[in-house]
Amino acid sequence: MLVDPSLAVGERGAPSADAVVVSHAHEDHLVAIDQLPAPVHVHEADVAAVRSFEVLLAGSGLPEEAAREFGRSLASDFHVRSRPDALAVADGHRFELGGRTATVVHLPGHTAEHCSLLVEPDGFFYVADIDLSSLGPFHGDVGSSLADFERSLEGCGAVEARWYGTFHHKGVIDGRGSSVAG
Ligand SMILES: [Zn+2]
């Protein structure tokens, strides 16, 4: 399973995978998404933005001229294209990986569809953009909600894991002794 194809994955060349999971429909998690041969999964709340570049762009909430400029950046800097066959998954969806599972945990706020993945029995909780230290404290798009984000922070803290993995700044955090919110 490949989770959140990033610029680094794009540069190295995507590893072979049977499935791709996207935590949420932001360009830095969707690099060259149309090039990946495996099925792509994203939470049902905004699967439309992965299926259609135009929907993704509209979700930025930018006025027309700025949206055009942003669209050019998505296409040229992040190589984002429509992925019309993206599959919708719901909270609690479990991927069977052979000896381990990855369970979708819907933690909205940063975006409406934002999800984390709990990998068991290892106890690795990939929290994606729950940690926005290097960008935040908060940023999002038209589907964002601060109230949902705060609820998701609480929900995230309630998950017992051995490691917490973030997409952006903090990397891997050992245990619950360290605050996920920094
Ligand atoms: Zn994001």
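Structure notes:
- Pairwise label distance in nanometres, Ala38 with Val172, each label 7 Å out on the Cα-Cβ vector: 1.8 nm
- Sites Thr101 and Glu64 - FRET efficiency at Förster radius 45 Å, r taken between beta-carbons, to 0.05: 0.50
- Cα long-axis angle, helix 146-157 against the chain (0 to 90 degrees, to the nearest 10): 30 degrees
- Cα gyration tensor shape of the chain, rounded if a/c is under 1.5, else prolate or oblate by comparing a/b with b/c: oblate
- Distances between placed amide hydrogens fall under 5 Å for Gly143 paired with Ala112, all partners being 5 or more residues away or on another chain.
- Against the chain, whose longest principal axis comes from its Cα atoms, helix 64-77 is set at around 70 degrees.
- Length-normalised contact order of the stretch 21-97 in % [C-alpha pairs under 8 Å, at least 6 apart]: 42 percent
- If R0 is taken as 35 Å, the Cβ-Cβ distance between Glu160 and Leu7 corresponds to a FRET efficiency of 0.65.
- DSSP-loop GluC sites (Glu not before Pro) across the stretch 116-161, with at most 13 other Cβ within 10 angstrom: Glu160
- For the stretch 71-146 versus the stretch 1-70, the gap between their alpha-carbon centres in whole angstrom: 10 Å
- Rel. contact order, % - alpha carbon contacts under 8 angstrom, at least six apart, the stretch 90-174: 29 percent
- In terms of packing, defined here as the mean over residues of other Cβ atoms within 10 angstrom, the peptides 18-29, 112-123 line up highest first as 18-29, 112-123.
- Computed magnitude of the charge dipole of the stretch 90-174 (debye, nearest 20; Cβ of K, R +1, Cβ of D, E -1): 140 debye
- Interchain or long-range residues, amide H under 5 Å from Val21's placed H: Leu2, Val3, Asp4, His41
- Relative contact order (%) - criterion: Cα under 8 Å, at least six apart; region: the chain: 17 percent
- Using the Karplus relation 6.51 cos²θ - 1.76 cosθ + 1.60 with θ = phi - 60°, the per-residue 3J(HN,Hα) values for the stretch 115-127 come to 10, 10, 10, 9, 9, 10, x, 4, x, 9, 10, 7, 9 Hz, with x marking Gly and Pro.
- Extension gain from Asp85 to Ser16, taking 0.36 nm per residue of separation minus the Cα-Cα distance: 23.0 nm
- Summing +1 for each Lys or Arg and -1 for each Asp or Glu among the other residues whose beta-carbon sits under 12 angstrom from that of Ser76 gives -1.
Rule-based calculations on the coordinates, nothing more; no lab input. Please read all numbers here as calculations on a predicted model, not as lab measurements. Neighbour counts run over all protein chains shown; Cβ positions are idealised from the backbone, glycine included.
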